[in-house]
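Scroll down for the structure; my scribbles are underneath it.
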Amino acid sequence: MLSQEELDAMAAAEGQRLGVGGKEFLQRHNEIMELIGRARGKGAAADGKTDYERPGCYGGSGSV
C-alpha cells in the first residue's frame, strides 16, 4: 500500500505530465465541457424534457 506522501507525489507528477492548469489543458477542458453541454442540450431537445425531468439525471425521478 502506498503512503499518503507517495500518492501525493504520484498525483503531482501526473498533473505535470498532463499540464494541469496550463493554457492547452484549460483550452481542451473547455472544449470537452462545451461538447458535454451540447450533448445534454440535444438529449433534452430530443424528448422535450429538461435534465431534471429525465429519470436518472440530476436527481430526476428514478435516480439512485
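The values are calculated or read from the model by the stated rules, or taken from the named source; none is laboratory data. Note that the structure is a prediction, hence the values are computed from the model and not measured. Here the Cβ is made from the backbone with ideal geometry for all residues, glycine too, and neighbour counts use every protein chain on show. For accessibility, only protein heavy atoms count, side chains too; no ligands or nucleic acids. Shrake-Rupley method; radii C 1.70, N 1.55, O 1.52, S 1.80 Å.
Some points to look at:
- Close pairs (8 angstrom Cβ cut-off, 6 or more residues apart or separate chains): exposed (fewer than 10 other Cβ atoms within 10 Å of the Cβ) in the stretch 31-56, modelled with pLDDT under 60 and charged (D, E, K, R) anywhere: Asp47/Arg54
- Neighbours by Cβ (under 9 Å, 6+ apart or cross-chain): first from the stretch 1-19, under 24 Å from His29 (Cα atoms); second open to solvent by less than 70 Å² (accessible area, probe 1.4 Å) and modelled with pLDDT under 95: Gly15/Gly21
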